[in-house]
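Here is the structure we will look at.
The values are calculated or read from the model by the stated rules, or taken from the named source; none is laboratory data. What you see is a predicted model, and the numbers here were worked out from it, not measured in a lab. In this analysis, Cβ positions are derived from the backbone assuming ideal geometry, glycine residues included, and neighbour counts consider all displayed protein chains.
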């Protein structure tokens, strides 16, 4: 259920409502929209609590939500949500670009690439300190040392940091460094991890599972939101199909379908969908054309020697090409590249 508050409702009315919801054994979630205040209720399986709420002061209407994902649904919040990450806003009608190395390899490599992407207009720095890999023998990341390097790169460039968290035991550690926590495709349905990340309350970038349906993706976002992380951005990174010409199949059709059902922002990762830098830009443009709120791309200045996913990483000139053409396409669609472009500091 959701409770729509009257425009004249006071904070005391809201407190009284939330207290009553808890007395009924449910959990209230306050959602402040552009023109109304809504309280989402989770934990209720029927309509028996409705009569106990409709007569409370400040309550305008109590509505039962038909979707199983209550907090992520447009039924709860019709207008688009805007997720603010260090001054960078996802979902406000402009395009946000997150870029950087797939993995933190060395301090010099990370800071060098961070400067490259910042200078070319990126808005967030991406980079993995913990890397869940298919092979147990592959490079698994530098761990906390990698987080320290990313934090230094953020200080130098001014770019907010998004990095992946891979298990519940490191959520607090990663949260101490990251401006936005990333949930990888393999962990989209790792519900114990989602619960712990949700409790942290920080912005989250959640990648769609490689075999997940749209509803399963929304339910995973619901896990995060129901545990406290209301600032969620979903990332389409390609799904596993029978194709042999790409690493994954970028499902651009999910973008308008997602936006119809949910108020959350959605971005695309053309690097992991493609697996080849030659097709990253075309897939990025397809995502923008379908309505994506942003891009997540791999960039490396020496991809032949990269420890992770070198073939799909754009070279610096390729990233500049992407930014240029993305700006033109965005303009043609009536939007623009987000304006947040921090200056690059002159120190190593």
Can you pull out every residue in region 287-316 that is without any contact (Cβ under 8 Å) to a residue 40 or more places away in the chain and either assigned to a strand (DSSP E or B) or under 19 Å from the mean Cα position of the chain (by Cα) (or both)?
290, 291
Condition check: more than 30 Å from residue 97 (Cβ to Cβ), in contact with a helix residue (DSSP H, G or I) (Cβ under 6 Å, 6 or more places away or on another chain) and not in a helix (DSSP H, G or I). Does residue 28 satisfy that?
yes
Selection count where residues are under 28 Å from residue 143 (Cα atoms) and buried (at least 18 other Cβ atoms within 10 Å of the Cβ), scope region 53-85:
2
Kindly indicate whether residue 305 is out of contact with any helix residue (DSSP H, G or I) (no Cβ under 6 Å at 6 or more places or on another chain), within 15 Å of residue 112 (Cβ to Cβ) and either surrounded by 24 or more Cβ atoms within 10 Å (Cβ to Cβ) or in the same structural domain as residue 120 (by TED's automatic domain parsing) (or both).
yes
May I ask you to list the residues in region 52-108 that are assigned to a loop (DSSP other than H, G, I, E, B), closer than 27 Å to residue 298 by Cα and more than 17 Å from the chain's Cα centre (by Cα)?
101, 104, 105, 106
Only one of (1) over 21 Å from residue 107 (Cα atoms); (2) in contact with a helix residue (DSSP H, G or I) (Cβ under 8 Å, 6 or more places away or on another chain); (3) buried (at least 22 other Cβ atoms within 10 Å of the Cβ); (4) at pLDDT 95 or above does not apply to residue 294, and that is (2)
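With the condition kept exactly as written, say whether any residue in region 137-145 is out of contact with any strand residue (DSSP E or B) (no Cβ under 6 Å at 6 or more places or on another chain), at pLDDT below 95, crowded, with 19+ Cβ neighbours inside 10 Å and in the same structural domain as residue 255 (by TED's automatic domain parsing).
yes
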